[in-house]
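So the structure is just underneath, and the comments pick up after that.
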Amino acid sequence: MQNSKNFAIAALICGILSIVLPWIPYGYIFAIVAGIVAIVLSVKVRKLNDANKGMATGGLVTGIIGIALAGVIMVCAICTACALVQTANLLS
């Protein structure tokens, strides 16, 4: 019981971190890792069907949102870098 509560708290914290980290330069790499950890921990807690299912669901949702957000920001960063390289080539 206590072990699943700790996993649920850790899943929620990792999920929240996965939403916050993409806004830091190059933080989207760590956000993807934190999101995956949040999803794995929350699925583990949800399989136990105990009282900590709500926190585990919160960790699952925030982990999914964090991974999606990190993916969008990563694509934007890659597109920006490509546009800068192309602009530099046109200017030279």
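The values are calculated or read from the model by the stated rules, or taken from the named source; none is laboratory data. Source: prediction; values computed, not measured. Glycine also receives a Cβ, built like all others from the backbone with ideal geometry; neighbour counts cover every protein chain displayed.
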Checklist outcome for this item: Pairing a residue in the range 71-83 that is within 19 Å of residue 34 (Cβ to Cβ) with any residue that is hydroxyl-bearing (Ser, Thr, Tyr) and at pLDDT below 95, where Cβ atoms lie under 6 Å and the two sit 6 or more apart in sequence or on different chains, gives 73/28; 74/28
Item to check | Matching option when the condition is surrounded by 15 or more Cβ atoms within 10 Å (Cβ to Cβ) and out of contact with any Asp or Glu (no Cβ under 7 Å at 6 or more places or on another chain), among 80, 57 | outcome: 57
Next on the checklist: What's the number of the only condition in (1) within 30 Å of residue 2 (Cβ to Cβ); (2) in contact (Cβ under 8 Å) with a residue 40 or more places away in the chain; (3) under 8 Å from the mean Cα position of the chain (by Cα) that residue 52 fails to meet?
Outcome noted: (3)
Checklist entry - How many residues does the range 22-49 contain that are among the small types (Gly, Ala, Ser) and either more than 14 Å from residue 69 (Cβ to Cβ) or surrounded by fewer than 17 Cβ atoms within 10 Å (Cβ to Cβ) (or both)? => result 1
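Restricting attention to the range 60-83, does a residue exist that is over 13 Å from the mean Cα position of the chain (by Cα) and within 28 Å of residue 2 (Cβ to Cβ)? Break it down into steps so the answer makes sense when it comes.
Narrowing the range 60-83 to residues over 13 Å from the mean Cα position of the chain (by Cα): 75-83.
Now narrow it down to the ones that are within 28 Å of residue 2 (Cβ to Cβ): none.
Taking every residue of the range 60-83 in turn, none turns out to be over 13 Å from the mean Cα position of the chain (by Cα) and within 28 Å of residue 2 (Cβ to Cβ).
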